[in-house]
1. Multiplying the sequence separation of residue 113 and residue 190 by 0.36 nm and subtracting their Cα-Cα distance, what value in nm do you get?
2. At 7 Å along the Cα-to-beta-carbon direction for both residue 72 and residue 148, put a label point, then send me their distance in nm to one decimal.
3. Quickly rank 198-204, 126-132 as a protection proxy: mean count of other C-beta atoms within 10 Å, highest first.
4. How do 195, 183 rank when sorted from fewest to most other Cβ atoms within 10 Å of their own Cβ?
5. Residue 79 versus residue 164, label points 7 Å from Cα toward the beta carbon: distance in nm?
6. Label point 7 Å out from residue 139 along Cα-to-Cβ: which residues of segment 85-103 have amide N under 16 Å?
């Protein structure tokens with residue numbers, strides 16, 4: 001950094017021997033050294049502060065991924081974090097968790113009330129919002145297998161994809177919105193039940 005500072009002032013030609021024994025007696029040597037030290041400390045402290053802030057944010061979001069939330073707390077978190085997330089609305093028998101560590105994906109779980117002590121294994125629904133096609137393409141998906149996949153137009157604006165072999169999930173795409181939504185179930189569902197859930201989808205805002 002000292003060399004960069006000297007170069008910016010055009011002092012290389014005048015101070016070629018700055019790092020020699022003679023240069024230590026130069027009247028500007030300690031002045032340059034002091035400025036270099038201040039700049040270095042400032043950059044280090046600034047970088048540390050930025051790292052600490054990011055670590056704090058990640059810790060908080062990670063914590064929410066394993067915490068039980070009420071519907072009100074879930075809505076507040078999504079709005080506070082400016083997260084693009086869809087859900088099925090509030091269900092009186094459910095509590096919620098959300099993982100939005102990745103800014104382009106929001107993963108919301110509906111869990112039976114009082115079930116969180118099992119480590120979050122039980123769930124009623126998982127509603128996963130991919131912000132756009134790029135977010136979807138950048139991930140590996142296990143919800144749909146290549147075999148027995150069927151595409152169904154629910155309306156002019158909504159299309160779903162299901163796997164007839166498992167019937168444990170549905171992928172939702174819109175013609176007028178960029179998001180792609182995945183709804184997963186712990187057990188096989190009827191097509192009618194999945195369509196009903198799709199029609200209940202709404203953005204949290």
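Derivation of every value follows stated rules applied to the coordinates shown; laboratory data play no part. As the structure is a prediction and not an experimental result, all values here were calculated from the model. Glycine gets a Cβ as well: all are built from the backbone with ideal geometry, and neighbour counts include every protein chain shown.
1. So the extension gain works out to 25.3 nm.
2. Output for this residue pair reads 4.4 nm.
3. Output ranking for 198-204, 126-132: 126-132, 198-204.
4. Ranking 195, 183 by Cβ neighbours within 10 Å, fewest first, gives 195, 183.
5. 4.5
6. 85-88, 97-103
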